[in-house]
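To keep things clear, I will list the structure first and then write my remarks on it.
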């Protein structure tokens, strides 16, 4: 009798199938849905915020709330460390709303994402040098901020973007210097000389220039290029009191 009852209950449960999750937002107005998504984002519940922003745009694809949700979900993805999804959301917002009053913020956010990309838990624990990141990420961030300043020079985000560009330029120059130093450690003197030339041409005024000149001198001496070595030595002596 007990076995029969267990079998009966098992058949009954299998017939019912999986319990469907109830969508509590089903009958919400667009205003209520937006307020809820924004509240979750403000509280740091980014996944729920993302889900509700995307639900809002799906149900109410037109109007100011849908437009704002497109931008807010990009920020929510950024805070949730889904950088590719955030970039995609930004690109979509810019394409659909090229004259929106907050489009400058969209460009700024794209730069900010690239500026902070790669900062995972290991980097936070070990205080990783930004010059060790993929140089292309640093360049992308620099280009994003530069584009913002060019298109929106009076934007509220312009000054912060300029300061970040100064910092990024230093980091990009240092990244190139590290590559040149690596080539030198492998006695790849032609590659080292070419990389130092890039630093001297593109990143004048950065802290990496002095070290790049000294490494360039070393490369030319090892390559037997005495005329070029003499020119570099004179530049070092003229600009740096401690010489070579």
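Some notes on this structure:
- Flag for residue 131 being assigned to a helix (DSSP H, G or I) and either modelled with pLDDT under 90 or surrounded by fewer than 16 Cβ atoms within 10 Å (Cβ to Cβ) (or both): yes
- For first residues located in segment 58-77 and in contact (Cβ under 8 Å) with a residue 60 or more places away in the chain, partners that are outside any helix (DSSP H, G or I) and crowded, with 18+ Cβ neighbours inside 10 Å and lie 6+ apart or on another chain with Cβ distances below 9 Å do not occur.
- Residue check: residue 169 meets all listed conditions (1) surrounded by fewer than 20 Cβ atoms within 10 Å (Cβ to Cβ); (2) over 19 Å from the mean Cα position of the chain (by Cα) but one, namely (2).
- Residue match in segment 210-221 (condition: buried (at least 20 other Cβ atoms within 10 Å of the Cβ), at pLDDT 95 or above and closer than 18 Å to residue 168 by Cα): yes
- Residue match in segment 24-35 (condition: closer than 30 Å to residue 142 by Cα and either in contact with a strand residue (DSSP E or B) (Cβ under 8 Å, 6 or more places away or on another chain) or surrounded by 12 or more Cβ atoms within 10 Å (Cβ to Cβ) (or both)): no
- Residue 93 being under 25 Å from residue 140 (Cβ atoms), free of Cβ contacts under 8 Å to residues at least 40 places away in the same chain and buried (at least 21 other Cβ atoms within 10 Å of the Cβ): yes
- Hits in segment 72-91 (condition: in a helix (DSSP H, G or I) and under 17 Å from residue 37 (Cβ atoms)): 72, 73, 74, 75, 76, 77, 78, 79, 85, 86, 89
So that you can scan it fast, the table gives a plain yes or no per residue for (1) more than 30 Å from residue 139 (Cα to Cα); (2) at pLDDT below 95; (3) touching a strand residue (DSSP E or B) at 6+ places or on another chain (Cβ under 7 Å):
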| residue | (1), (2), (3) |
| --- | --- |
| 3 | yes, yes, no |
| 6 | yes, yes, no |
| 11 | yes, yes, no |
| 50 | no, no, no |
| 55 | yes, no, no |
| 63 | yes, yes, no |
| 86 | no, no, no |
| 106 | no, no, no |
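- Boolean, residue 156 is surrounded by fewer than 17 Cβ atoms within 10 Å (Cβ to Cβ), farther than 19 Å from residue 140 by Cβ, free of Cβ contacts under 8 Å to residues at least 60 places away in the same chain and in contact with a helix residue (DSSP H, G or I) (Cβ under 8 Å, 6 or more places away or on another chain): yes
The values are calculated or read from the model by the stated rules, or taken from the named source; none is laboratory data. Quick caveat: nothing in here was measured; it's all calculated off a predicted structure. Cβ: placed from backbone, ideal geometry, glycine included. Neighbour counts: every protein chain shown.
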